[in-house]
1. I'm told Thr175 meets every condition in (1) of a type in the set (Ser, Thr, Tyr); (2) within 20 Å of Ala49 (Cα to Cα); (3) in contact (Cβ under 8 Å) with a residue 12 or more places away in the chain except one. Can you identify the failing condition by its number?
2. Checking Leu36 against (1) touching a residue at least 40 places away in the same chain (Cβ under 8 Å); (2) over 26 Å from Ala149 (Cβ atoms): exactly one of these is not met. Which one?
3. Got at least one residue in segment 38-52 being among the basic types (Lys, Arg), in contact with a Lys or Arg (Cβ under 9 Å, 6 or more places away or on another chain) and closer than 27 Å to Ile162 by Cα?
4. Residues Thr73, Thr111, Thr100: which one is surrounded by fewer than 15 Cβ atoms within 10 Å (Cβ to Cβ), closer than 19 Å to Tyr160 by Cβ and either within 23 Å of the chain's Cα centre (by Cα) or modelled with pLDDT of 95 or more (or both)?
5. Can you find a residue that is without any contact (Cβ under 8 Å) to a residue 12 or more places away in the chain, assigned to a helix (DSSP H, G or I) and either touching a Cys at 6+ places or on another chain (Cβ under 7 Å) or aliphatic (A, V, I, L, M) (or both) anywhere in segment 124-145?
6. Mind listing just one residue for me: the one in segment 114-145 that is crowded, with 17+ Cβ neighbours inside 10 Å, under 25 Å from the mean Cα position of the chain (by Cα) and not β-branched (Val, Ile, Thr) and, of those, farthest from Leu51 (Cα to Cα)?
7. Residue by residue through segment 103-123, note down the ones that are in contact with a helix residue (DSSP H, G or I) (Cβ under 6 Å, 6 or more places away or on another chain) and not in a helix (DSSP H, G or I).
8. Checking the conditions here, which among Ile195, Ile206, Ile150 is modelled with pLDDT of 80 or more, over 18 Å from the mean Cα position of the chain (by Cα) and not in a loop (DSSP other than H, G, I, E, B)?
Amino acid sequence: MLFGLHWNLSSNWAFAASIVPILLHGLVVTVEATVLGFLLALTLGLLLALLRTVPLKIIAWPVAFVIEFVRDTPLLVQLYFLYFVLPDFGITMPAFLTGTIALGVQYSAYTSEVYRAGLEAVPRGQWEAARALNLTTLRTYRDVIVPQAIPRIVPAMANYLISIMKDTPILSAVTVMEMLNVAKIIGDRTFRYMIPLTIVGILFLIFTLLSSMAVRYLESRLPRQGIPLK
């Protein structure tokens, strides 16, 4: 009995060691989708936030509708639309690019609200001082408002970065070979699901903890009153 238990443990360790390199390839895809999706969410979210603050209702209202629509519809539905519906209109993209865009668009609706809250948290006197100095709108945002808003938005943005990473398994629905999809394929072929899925869970936990630590360090380094201009 002890020999059988020892053999099972040895077999499990050998199996785990043999699939780790394959899972690491999936991890690379997961990290790439997370980083690219987050960068798209940051960029598009900022654009949406700025457009929503435009005084013209003909611009602000449609943007607000788009933000609410994206936030209130599931990521999987948006992913399927981009991957299966757009080709009917002549727009065909690779699965990885489609998944990355879906993540970025979905989370841009959330980051836009974070940007808007951060910008509105800057004291009104700062806007008035920039106007008194006759600064252009671009310089007002770049040199006065945004440096003071950044420390306020970092914690929320960090949460969305982690959320994007945890949502990457949805991309397996369009055949993206991210980490969880790779683990599922290994399980389908070997009928051993526990080990690959456990390894995937551990890898997600490690990267989530590392991301949280990096964000906390960044928060501690950022001055609460804003980033100095010089």
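1. Status for Thr175: all satisfied but (2).
2. Answer for Leu36: the failing condition is (2).
3. Of the residues in segment 38-52, the ones among the basic types (Lys, Arg) are 52.
Now drop any that are not in contact with a Lys or Arg (Cβ under 9 Å, 6 or more places away or on another chain), which leaves 52.
Narrowing further to those that are closer than 27 Å to Ile162 by Cα: 52.
Looking through segment 38-52, at least one residue is among the basic types (Lys, Arg), in contact with a Lys or Arg (Cβ under 9 Å, 6 or more places away or on another chain) and closer than 27 Å to Ile162 by Cα.
4. On the way: Thr111 fails: surrounded by fewer than 15 Cβ atoms within 10 Å (Cβ to Cβ); Thr100 fails: surrounded by fewer than 15 Cβ atoms within 10 Å (Cβ to Cβ).
When all the criteria are applied, what remains is Thr73.
5. yes
6. Gly118
7. Val122
8. Working: Ile206 fails: over 18 Å from the mean Cα position of the chain (by Cα); Ile150 fails: over 18 Å from the mean Cα position of the chain (by Cα).
So the residue among Ile195, Ile206, Ile150 that is modelled with pLDDT of 80 or more, over 18 Å from the mean Cα position of the chain (by Cα) and not in a loop (DSSP other than H, G, I, E, B) is Ile195.
The values are calculated or read from the model by the stated rules, or taken from the named source; none is laboratory data. Since this is a predicted model, take the numbers as computed values, not measurements. No Cβ is skipped: glycine too gets one built from the backbone with ideal geometry, and neighbour counts run over all protein chains shown.
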